[in-house]
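Below: the structure, in structure tokens.
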Amino acid sequence: MAEPGRPPVAGVLLAAGSGSRLGQPKALVELGGSRLVDRGVGLLRAGGAGPLVVVTGAAALSLSGVIMVHNLDWASGMGSSLAVGLRAVPDGCAAAVIALVDQPLIGAGAVRRLIAAHAAGATVAVAAYQGQPRNPVLLAREHWPEVISLAAGDVGARPFLRAHPDLITLVECADTGQPDDLDTPADLARLTRMLSARPC
């Protein structure tokens, strides 16, 4: 939750894809007994983001305590889902942390660190793992119009980030989780093994 007197930082979970290589929408895939969409919501909530926006598309989802928004153009790729998600964030939020439903081993600590970086003055903060930028990403509201205008196809915020490297604050998060993608049945099996090997 936001610190007293500080505008809240929203969380936006992109969960619209069909998971063509998995054979079912990724949001509905279960890992460790939980759907990926539930894990993603839990990640953002535990990291202190809120209110939460979940962008749906290929799968009909039912969730409580979040703002559900359906991307009619979900098949065009992540860019349209990012635009739909940012437009759905309530007024008054200073920034949003963007997370992807298919990176279920990212830790809540990454979200907390991005929000802390924003509180310290960063307007664009990107989680890095061993120095390599990945997800999640925090974007201050002032940048949303340009992010939306550049988001197309399956690239999301990448065109904006490439256009403004001077704005990016990299936040090392390798000790908080892992940004592995879940795209195929082999990935699901591998991430299941990784999850079971984690200490409780």
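The values are calculated or read from the model by the stated rules, or taken from the named source; none is laboratory data. In this text, all values refer to a predicted model and were calculated from it rather than measured experimentally. All Cβ positions, even for glycine, are placed from backbone atoms using ideal geometry, and neighbour counts span all protein chains on display.
Structure data summary
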item: Among (1) modelled with pLDDT of 90 or more; (2) within 20 Å of Pro179 (Cβ to Cβ); (3) buried (at least 17 other Cβ atoms within 10 Å of the Cβ), the one test that Ser34 misses; result: (3)
item: Of all residues making up segment 161-197, the number that are closer than 13 Å to Gln132 by Cα, of a type in the set (S, T, N, Q) and at pLDDT below 95; result: 1
item: Residue satisfying all of: in segment 121-137; over 15 Å from Leu44 (Cβ atoms) and β-branched (Val, Ile, Thr); surrounded by the most Cβ atoms within 10 Å (Cβ to Cβ) among these; result: Val124
item: Single unsatisfied condition, Leu28 versus (1) touching a helix residue (DSSP H, G or I) at 6+ places or on another chain (Cβ under 8 Å); (2) buried (at least 24 other Cβ atoms within 10 Å of the Cβ); result: (2)
item: Test result for Gly65, in a loop (DSSP other than H, G, I, E, B) and modelled with pLDDT of 90 or more; result: yes
item: Given (1) on the phi > 0 side of the Ramachandran plot; (2) in a helix (DSSP H, G or I), index of the condition Leu82 fails; result: (1)
item: Options Leu14, Leu44: the member that is part of a helix (DSSP H, G or I), at pLDDT 95 or above and touching a Gly at 6+ places or on another chain (Cβ under 8 Å); result: Leu44
item: Residue within segment 42-49 that is under 29 Å from Met194 (Cβ atoms), in contact with an Asp or Glu (Cβ under 8 Å, 6 or more places away or on another chain) and either surrounded by fewer than 17 Cβ atoms within 10 Å (Cβ to Cβ) or touching a residue at least 60 places away in the same chain (Cβ under 8 Å) (or both) present; result: no
item: Yes/no for Ala75 being outside any loop (DSSP other than H, G, I, E, B), under 15 Å from the mean Cα position of the chain (by Cα) and not hydroxyl-bearing (Ser, Thr, Tyr); result: no
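Residue-by-condition table, conditions (1) closer than 26 Å to Leu150 by Cα; (2) within 16 Å of the chain's Cα centre (by Cα):
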site	(1), (2)
Ser64	no, no
Met68	yes, yes
Leu82	yes, yes
Gly109	no, yes
